[in-house]
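The values are calculated or read from the model by the stated rules, or taken from the named source; none is laboratory data. What you see is a predicted model, and the numbers here were worked out from it, not measured in a lab. Neighbour counts are summed over all protein chains in view; Cβ atoms, including those assigned to glycine, are modelled from backbone coordinates with ideal geometry. Side chains are part of the model used for accessible areas, which takes the heavy atoms of the whole protein and leaves out ligands, DNA and RNA. Shrake-Rupley method; radii C 1.70, N 1.55, O 1.52, S 1.80 Å.
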Amino acid sequence: MPSTTVLSRRKALAFCLAGSAMPWAAHAQGPQAGAGAGDFPTRPVRLIVPFAPAGSTDILARLLSKHLFAASGQPMVVENVAGAGGNLGAAVVARAPADGYTLEIGAMSTHAMNGSLYKQLAFDPMNDFDTVAMLAYAINVIAVSASLPVRTFPELLAYIRANPGKINYASGGIGTHNHLTLALLAKTANLDIVHVPYKGGGPAVAALLQGECQMFAGGASLLLPHAQAGKIRLIAVTEKTRTDLLPDVPSASETLKGFEVTNWYGVFAPRGLDPARRAQINQEINRVTALPEVAERFKGLGMVRAPLSPLQLRAVLQADHDLWSHTIQSLRIAPE
């Protein structure tokens with residue numbers, strides 16, 4: 001069974017804030033209101049992935065597409081529209097009809113972070129979409145090169161403080177989740193570390209493996225094989241508590257109080273989706289993510305299933321948007 005402790009804080013937040021999201025729910029009924037769930041779907045559904053193939057978001061979309069509304073006989077068509085940190089694909093969804101036939105498999109970064117990272121967007125990440133369903137939380141891990149003489153998170157902090165400005169950390173680019181995770185760590189712990197952005201998570205991990213950089217923060221599924229091969233060390237997870245998926249890896253917050261970073265994936269629709277249809281799609285997605293085959297794949301990807309309602313997802317999104325808007329401003333990361 002997947003760990004529930006990782007989700008405890010965010011789930012509690014979702015339930016507490018769901019009530020405050022009710023005004024948003026009222027205005028979410030747009031031109032499609034009254035259409036109802038009906039016999040949906042009666043034609044193919046587009047699942048837009050705003051990132052390149054083979055990444056975590058793409059894998060989730062293709063996993064869902066095998067099972068989603070299978071009884072209808074209608075195919076779920078996965079379409080990758082990559083570029084601009086997920087903004088190109090999200091824009092496609094924002095402009096689509098709000099009928100449930102175009103959905104986005106999005107990440108926390110596309111909706112909670114990008115509004116503060118880009119000056120001009122063709123859409124409003126918070127207000128041009130209806131939240132449909134949470135898919136999963138991705139376990140986020142801080143990793144270090146095997147050549148670095150540290151084995152624990154406290155040792156890592158001590159080593160960085162003894163070597164200010166000499167430790168490089170890789171990221172998939174400015175404003176990416178792995179960049180902001182370690183930038184927030186540096187601010188929280190008052191560390192002097194050097195950011196080295198690469199063009200994607202793959203090149204960033206390669207830089208870590210080759211010793212060009214000494215630190216990286218990313219998904220457990222991306223890093224675990226290299227740790228098992230002895231090429232890197234997993235120092236800490238960035239969630240508030242340890243996870244059953246990596247029981248021997250402590251949480252960074254055990255040492256550094258107040259430091260917590262989560263990452264999640266969810267499904268979004270153009271704003272105005274009929275509430276009955278949104279509820280139907282949410283129920284179907286939650287059914288699919290509970291299937292043993294899908295649950296096992298989630299585990300292999302280092303993810304924990306999170307079957308939230310649309311309003312609960314909206315509450316989590318709002319909380320993370322507020323958190324990262326403040327964080328990005330405090331880190332003085334200028335919008336592009």
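Would you check which residues across segment 227-239 are within 23 Å of residue 193 (Cα to Cα) and either among the hydrophobic types (A, V, I, L, M, F, W, C) or open to solvent by 20 Å² or more (accessible area, probe 1.4 Å) (or both) and list them? Scanning segment 227-239 gives 227, 231, 232, 233, 234, 235, 236, 237. Beta carbons closer than 9 Å, at least 6 apart along the sequence or on distinct chains, pair a first residue in segment 38-49 that is touching a residue at least 40 places away in the same chain (Cβ under 8 Å) and assigned to a loop (DSSP other than H, G, I, E, B) with a second that is crowded, with 17+ Cβ neighbours inside 10 Å and aromatic (Phe, Trp, Tyr) for 40/69; 40/101; 41/69; 41/101; 43/101; 44/101. Restricting 100, 175 to residues that are more than 19 Å from the chain's Cα centre (by Cα), crowded, with 18+ Cβ neighbours inside 10 Å and farther than 16 Å from residue 316 by Cβ narrows the list to 100. Is there a residue being small (Gly, Ala, Ser), without any contact (Cβ under 8 Å) to a residue 60 or more places away in the chain, closer than 27 Å to residue 220 by Cα and in contact with a strand residue (DSSP E or B) (Cβ under 8 Å, 6 or more places away or on another chain) anywhere in segment 65-81? Yes, segment 65-81 has at least one match. Within segment 214-265, if we keep just the residues that are under 19 Å from the mean Cα position of the chain (by Cα) and part of a helix (DSSP H, G or I), the residue that is modelled with the highest pLDDT turns out to be 252.
Restricting to segment 287-306, and then to whatever is outside any helix (DSSP H, G or I) and at pLDDT below 95, can you tell me which residue is most open to solvent (accessible area, probe 1.4 Å)?
Pass one, segment 287-306, residues outside any helix (DSSP H, G or I): 290-291, 301-306.
In the following step, the residues that additionally are at pLDDT below 95 were identified as 301-306.
Details: 301: 13, 302: 7, 303: 6, 304: 1, 305: 70, 306: 0 Å².
Among those residues, the one meeting the criterion is 305.
Rundown of residues vs (1) within 25 Å of residue 312 (Cα to Cα); (2) open to solvent by 10 Å² or more (accessible area, probe 1.4 Å); (3) touching a Cys at 6+ places or on another chain (Cβ under 6 Å), yes/no style:
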residue: 124; (1), (2), (3): yes, yes, no
residue: 155; (1), (2), (3): no, yes, no
residue: 159; (1), (2), (3): no, yes, no
residue: 185; (1), (2), (3): no, no, no
residue: 192; (1), (2), (3): no, yes, no
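Out of all the residues in segment 110-121, is one or more in a loop (DSSP other than H, G, I, E, B), over 25 Å from residue 303 (Cβ atoms), in contact with a helix residue (DSSP H, G or I) (Cβ under 9 Å, 6 or more places away or on another chain) and open to solvent by 40 Å² or more (accessible area, probe 1.4 Å)?
Just the residues of segment 110-121 that are in a loop (DSSP other than H, G, I, E, B), to begin with: 118-121.
Cutting the leftovers down to over 25 Å from residue 303 (Cβ atoms) gives us 118-121.
Okay, now just the ones that are also in contact with a helix residue (DSSP H, G or I) (Cβ under 9 Å, 6 or more places away or on another chain), so 118, 121.
Among the residues that remain, those that are also open to solvent by 40 Å² or more (accessible area, probe 1.4 Å) are: 118, 121.
Looking through segment 110-121, at least one residue is in a loop (DSSP other than H, G, I, E, B), over 25 Å from residue 303 (Cβ atoms), in contact with a helix residue (DSSP H, G or I) (Cβ under 9 Å, 6 or more places away or on another chain) and open to solvent by 40 Å² or more (accessible area, probe 1.4 Å).
Filtering segment 66-77 to residues that are under 22 Å from residue 129 (Cβ atoms) and open to solvent by 30 Å² or more (accessible area, probe 1.4 Å) leaves only 77.
Could you list, in sequence order, the residues of segment 115-151 that are among the polar types (S, T, N, Q) and in contact (Cβ under 8 Å) with a residue 40 or more places away in the chain?
The initial filter retains those residues of segment 115-151 that are among the polar types (S, T, N, Q), namely 116, 120, 127, 131, 140, 145, 147.
Result: 116, 127, 131, 140, 145, 147.
Is it true that residue 196 is open to solvent by less than 10 Å² (accessible area, probe 1.4 Å) and either farther than 22 Å from residue 298 by Cα or assigned to a loop (DSSP other than H, G, I, E, B) (or both)? Don't jump to the end; show me each part of the working.
Values: open to solvent by less than 10 Å² (accessible area, probe 1.4 Å): no; either farther than 22 Å from residue 298 by Cα or assigned to a loop (DSSP other than H, G, I, E, B) (or both): yes.
Here the answer is no, as residue 196 does not meet what is asked.
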